[in-house]
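Below: the structure, in structure tokens.
No lab work stands behind these numbers, since they all come straight from the coordinates. Note that this is a predicted model, so its numbers are computed, not measured. Quick reminder, even Gly has a Cβ in these numbers, built from the backbone with ideal geometry, and neighbours come from all protein chains shown.
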Amino acid sequence: MMTLAENRDLFCFLVTKHSWKGKFKRIFSIGTTAISTYNPSTLEITNQWLYEDFISIKPIPRSAQSQDEFTIQVRMKKRVDNMRFSSENVADIITTVLERQSIFRFGTQPVKYPGYKHDWSDRRIPIILQANSYALEQVDNQQHVLASYKYKSILQIIKISSSYPGGFIIEYGEQRRRHLFASEKYDELIEYMRKIAGEYIGIALSVTNESLSTNDFMQTRLGICSRDEQLTSYVEFKVQKFSSRHEKPVRRLLCLSESCIIERDPATYCPICAHLLKSIICMTRDENDPQKFTIVYEDNESKVYSSAERDLILASLMDGSRASGNLNVHVLGSSYQYSFRLLPHGFLLDEDSESLCMRHIISPPPGLKRCDLIRRFNFNIPYSGLTYSVSQEGFFSENKGKLIIGCLEAVLGELYPVDEISSVSKCEAQLYCLRRLFASKSGFQAFTAVAGIREKLGNLVIIMLKLANEMIDHATVEMLCSLMHPMHSNYELRYEQLNKQSLLSTRQFIEHLLDLIVKHVVNFYYDLFSLIDVFM
């Protein structure tokens, strides 16, 4: 039996709760055993329901004047209660909740249709098409879900030409990737999907009358990554890929073009899938396996690989992604924690919520550790820095510079015991938080303008480099780069010169950096590029 004590947050969303008392901001959390709501100011739980007490979640039809809203129905003691919320991300919230519908008090059963998937190698693979309340799933004969096509991300359903009986194409995601299926009852399946998507998610699935041939499909199946110039790679790496589709790792070629990362079959050189470099959120290095790494994309999709050239691949991905305009790509030394993020990727916090993240670091709410609040800050603030770093005009407006400096001082004051198991991940988060703060105008200027900041940072850097950890080395240099090169607009050249003069005038500091360069030239670790940036 599930208990509230066992619950751990998995995904969170900022919402507004509507009640007879008024409207209140809340964090809506989907957890392992329960749905919870938190007060974003105090991070205290305001409501919590086990999944076995959770009856339903449904969208409210939108009128011209109203926001996107949804209701939840829960059992509370001996009565059934209804609650209403609004959010910009209603479809994402409902979809995420319905993924756990099998453990609701009342769950709907999926409808199954035998069919085929036309794969990248031009083969027809027998599968089961399973339509449930939030997605169309591709299931194998052992009832393993191989892929899930969520209704909220289906752009349109395209019918295939009559030469391919029962065929239809799902155009999926922002990259418009196309997937070809066939089923004898495809009309019935599509009609059911449209009905269920409207009823449960509140969206209308579009079905076009355009008819494509299989040849057209094969030429455009990679969506906006289908053009020759996007698939022409300048570097390739041999990797092993880990996937639920395969019992054992499979060999792949990981290729980089100027705008895309392409996965190819090494035997035929056929492209299997492709993603825009701009869509990469981060890469993670496995803590236990020196060859394993994960690429995390904006649509919450993750791809796991291993290679003897792991750090060279990560360096190439960082360099290529930033060259393509992705300034937020970075490397983590541990797995990506979706539970800390408050909005889907592609959405930014409003000014009040961003300021609240900093205030929590300065004064942690009771029962919470500053190291966890630093992590929460990192997962919600872009890697390139704060969105709202300049004070707004007005008598009651907040002094943003004072808040940023207060947050800097709180983060710089953190020291973690070296023998602590999680000390490396805490130090990494601390450095990445400093990078985001120094990327702002107030943070950049504070390094030389605010007494004590430079000395505290200097001591921290020396402590970090003495740890002799590759991830800490990388995070340290990335943080220092934000002090050497202004990342904010309307910067003053004087402060850039002062920062560089201050950093590069300390003999001990320069010796540490030169030792790092020598070490990383020999081993070619991925942060060599960041080290070079410091001196450019």
Antiparallel DSSP beta bridges within segment 111-220, percent to nearest 5 = 90
Per residue of the chain, what 222 nm ellipticity follows from adding -39500 (n - 2.57) for every DSSP H run with n ≥ 4, rounded to the nearest 500?
-> -10000 deg cm²/dmol
Between the helical axis of 351-362 and the dominant principal axis of the chain, each derived from Cα atoms, what acute angle in degrees is found, rounded to the nearest 10?
-> 50
Please give the contour-minus-distance gain from Glu247 to Gln497: 0.36 nm per residue of separation, less the Cα-Cα distance, rounded to one decimal in nm.
-> 84.4 nm
Environment charge of Leu254, counting only residues whose C-beta is closer than 13 Å and scoring Lys/Arg +1, Asp/Glu -1 = +3
Gain on full stretching of the segment that runs from Asp319 to Gln291 - 0.36 nm per residue minus C-alpha separation = 8.1 nm
Applying 1/(1 + (r/R0)^6) with R0 = 51 Å to the Cβ-Cβ distance of Thr42 and Ser213, what FRET efficiency is obtained, to the nearest 0.05?
-> 0.30
Using the alpha-carbon atoms, what tilt in degrees (0 to 90, nearest 10) does helix 470-484 show relative to the longest principal axis of the chain?
-> 70
Figure the gain on full extension for Ala147 and Tyr336 (residue separation times 0.36 nm, minus the Cα-Cα span) and round it to one decimal in nm.
-> 66.0 nm
Distance check, please: which entries in Lys241/Lys303; Lys58/Lys159; Lys17/Lys77; Lys117/Lys278; Lys17/Lys58; Lys248/Lys303 exceed 19 angstrom between their Cα atoms?
-> Lys58/Lys159; Lys17/Lys77; Lys117/Lys278
Percent RCO, i.e. relative contact order, over the chain, from Cα pairs under 8 Å lying at least 6 residues apart = 8
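Can you pull a Stokes-Einstein diffusion coefficient for the chain at 37 °C (0.692 mPa s), Rh from Kirkwood over Cα pairs, as a whole number of µm²/s?
Estimated diffusion coefficient is 128 µm²/s.
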Post the alpha-carbon centroid distance, segment 202-223 to segment 310-388, in whole angstrom.
-> 35
Where the centroid of each part is defined by its Cα atoms, how far is segment 6-24 from segment 459-485 in Å?
-> 38
Compute the signed sum of charges (Lys and Arg +1, Asp and Glu -1) over the other residues within less than 12 Å, Cβ to Cβ, of Ser422.
-> -2
Taking segment 111-220, how much of its Cα-Cα pair set, in percent, is spaced more than 21 angstrom apart?
-> 29
Under the 7 Å Cα-to-Cβ spin-label approximation, Ala204 and Ser162 lie apart by a distance in nanometres of 2.9
If you take the C-alpha gyration tensor of segment 184-325, multiply each eigenvalue by 5 and take the square root, what semi-axes do you get, largest first, in whole Å?
-> 32, 19, 16
Kindly rank 509-518, 401-410 from highest to lowest mean number of other beta carbons found within 10 Å of each residue.
-> 401-410, 509-518
Can you tell me the 0 to 90 degree angle between the C-alpha axis of helix 400-412 and the longest principal axis of the chain, rounded to 10?
-> 80
Using a cut-off of 17 Å between alpha-carbon atoms, which aspartates and glutamates can reach Lys456, once sequence neighbours fewer than 8 places away in the same chain are excluded?
-> Glu409, Glu414, Glu428
Segment 103-190: relative contact order from alpha carbon pairs under 8 Å, six or more residues apart, as a whole percent, is 23
Under 13 Å from the Cβ of Lys185, count the other residues' Cβ atoms, weight Lys and Arg +1, Asp and Glu -1, and hand me the total.
-> -3
On a C-alpha basis, how far is the centre of segment 62-141 from the centre of segment 405-442 in Å? Whole number, if you could?
-> 39
Provide the per-residue ³J(HN,Hα) series for segment 220-236, in order, calculated from phi with Karplus coefficients 6.51, -1.76, 1.60 and θ = phi - 60°, each as a whole number of Hz, with x at glycine and proline positions.
-> 10, 5, 8, x, 6, 9, 8, 6, 4, 5, 7, 9, 7, 8, 10, 8, 9
Using per-residue counts of other Cβ atoms within 10 Å, averaged over each peptide, order 44-52, 466-474 from highest down.
-> 466-474, 44-52
Under the classification rounded if a/c is under 1.5, otherwise prolate if a/b is larger than b/c and oblate if not, where does segment 298-342 fall, given a ≥ b ≥ c as square roots of the Cα gyration tensor eigenvalues?
-> oblate
Dipole size in debye (nearest 20) for the chain around its Cα centre, Lys and Arg Cβ +1, Asp and Glu Cβ -1?
-> 1140
